[in-house]
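Asker: Quick one: this structure, given as structure tokens, is what I'll be asking you about.
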Amino acid sequence: MSSGDTPAGGDRTAGLGSVAFARLARGNARRWARLDPLLPVPRELLDGPADAPVEPAVGDRPDTDPGRLLAARSGDSAAAGRWRHVRLDPTSLPANYDWLESHRLRAAVDGTDQAAALTALLDRWVPEVAALADPVAQPDTGLTVTWPARDVQAVAALTRRGFAPVAVVAARLRAPRRADGVGSGVPTATIGPADPDDGLELRPARLDDLDAVVALQLEELFYDDLLGGLHLRSSVERAVRAAAAAALSRNDGSRILALRDGSAVGLVAVDLPDQADVGGLAAADRVGYVDCLSVTAGARGSGVGRRLARAADDRLAEDGAAVVLLTHSTVNPLSAPFWAREGFRPLWVIWSRPLLLPA
Ligand SMILES: CC(C)(COP(=O)(O)OP(=O)(O)OC[C@H]1O[C@@H](n2cnc3c(N)ncnc32)[C@H](O)[C@@H]1OP(=O)(O)O)[C@@H](O)C(=O)NCCC(=O)NCCS
């Protein structure tokens, strides 16, 4: 049924019936709370209108779009979720991370055979997307399911239907910091003059550092692109430059450079809690996001990344972040162990596939 055919108000249980729907919502919420206290209460997933349209939200901030409610059942098990359709401008920075036509699903599941319930939901969703997809855009149309990392009972459904785990959203709870700056559990990084031991200086990046910032950000993107999962466009450098220039013009210390003997060897970029667009991914009011950490190839393994990661943590702490999130490629052999050592754990896994699977 197209969104236009749905009666006003729609069926707020997407056909499951109110008892089954309430059981699913309760069971899923209980399981998430047990699995990881940083998972948000999945209220917005299941509340709200049933018949929101799936016209694409243009741009990378779709979270004001409630999405369309879908549900499916298998035996005593049920799954329900919200489907959002996002259309990206190919020259925008987010288009380098995603399909131009991106169909995104967040779902909840409960029952004794959760994989069967999620399979049933996917088997309902994918044909609906295919029926809606613009044939011209199809080669750049993809499906993304964001699934709690520790919620493994249903995961086989994703692999069976051709999804691959392309990225991890990792999280760390920040311990409260004492007024003297001690007590986060992580040593404070020094921003200031070069360390006499290793000649490394950390300082906020300025607008006249734009070339160095762009070069380091591109180096990180090109490294990540080797691992698949990105969608680099011919305009990537222009998009990175425009976004970096805008961020540096804010002059808010959200970009920090590491310099050795005056040359930029590393960069960390953060979204402060008031800027971070993390779409209800963590159970906290103030969430900071590490957008980019890049150490130039010749300087890796000498402590630059760790100093920058801790400087980012300090900057986010200044703005009251209770939780820090970041996204890294599932198979990045450098970043995955690095962030684990910095105390981050997988909170979500981003599963993705093209709409049309290769024959
Ligand atoms: C990931 C990255 C930022 C790490 O920076 P780095 O300067 O090389 O890391 P550091 O030298 O500060 O390492 C800090 C600690 O992590 C450890 N570590 C770093 N990389 C590691 C790896 N791949 N495996 C295991 N441990 C690792 C170091 O041994 C060190 O611990 P130790 O002092 O106890 O030995 C860097 O490798 C990089 O820029 N990679 C390419 C781009 C990228 O992947 N960016 C991250 C995207 S999310």
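Asker: Do we have R315 as assigned by TED's automatic domain parsing to the domain that holds E219, within 11 Å of the ligand (Cβ to nearest atom) and open to solvent by 10 Å² or more (accessible area, probe 1.4 Å) here?
Answerer: no
Asker: Are any residues in region 206-218 among the acidic types (D, E) and surrounded by fewer than 16 Cβ atoms within 10 Å (Cβ to Cβ), and if so, which ones? Break it down into steps so the answer makes sense when it comes.
Answerer: Within region 206-218, the first condition is being among the acidic types (D, E), and the residues that meet it are 208-209, 211.
Passing the criteria: D208, D211.
Asker: Further question on the same structure: So V126 fits all but one of (1) under 22 Å from the mean Cα position of the chain (by Cα); (2) part of a strand (DSSP E or B); what number is the exception?
Answerer: (2)
Asker: Mind checking which residues of region 227-248 are open to solvent by less than 50 Å² (accessible area, probe 1.4 Å) and not aliphatic (A, V, I, L, M)?
Answerer: Scanning region 227-248 gives G228, G229, H231, R233, S235.
Asker: In addition: Tell me which residues, restricted to region 167-203, are open to solvent by 60 Å² or more (accessible area, probe 1.4 Å) and either outside any loop (DSSP other than H, G, I, E, B) or modelled with pLDDT under 70 (or both).
Answerer: The answer is L173, P176, R177, R178, A179, D180, V182, G185, P187, T188, T190.
Asker: Still on this model: Quick one: which residue in V287, V349 is aliphatic (A, V, I, L, M), within 30 Å of P139 (Cβ to Cβ) and more than 12 Å from the ligand (Cβ to nearest atom)?
Answerer: Details: V287 fails: within 30 Å of P139 (Cβ to Cβ).
Within the list V287, V349, the selection yields V349.
Asker: Taking region 204-241, which residues are assigned to a loop (DSSP other than H, G, I, E, B) and under 14 Å from A258 (Cα atoms)?
Answerer: As a first pass, look at region 204-241 and keep what is assigned to a loop (DSSP other than H, G, I, E, B): 205-206, 226-235.
A205, R206 - these are the residues of region 204-241 that are assigned to a loop (DSSP other than H, G, I, E, B) and under 14 Å from A258 (Cα atoms).
Asker: Still on this structure, please answer the following. Does any residue in region 295-307 that is near the ligand (Cβ under 6 Å from one of its atoms) come within less than 6 Å, Cβ to Cβ, of a residue that is small (G, A, S) and open to solvent by less than 40 Å² (accessible area, probe 1.4 Å) six or more places away or on a different chain, and which pairs are these?
Answerer: V295/G266; V295/G305; V304/A258; V304/G266
The values are calculated or read from the model by the stated rules, or taken from the named source; none is laboratory data. Here the structure is a predicted model, which is why all the values come from computation and not from measurement. Methodologically, a virtual Cβ is constructed for each residue, glycine included, from the backbone with ideal geometry; neighbour enumeration extends over all protein chains shown. Remember, those area values only see protein heavy atoms, side chains included, never the ligands or the DNA or RNA. Shrake-Rupley method; radii C 1.70, N 1.55, O 1.52, S 1.80 Å.
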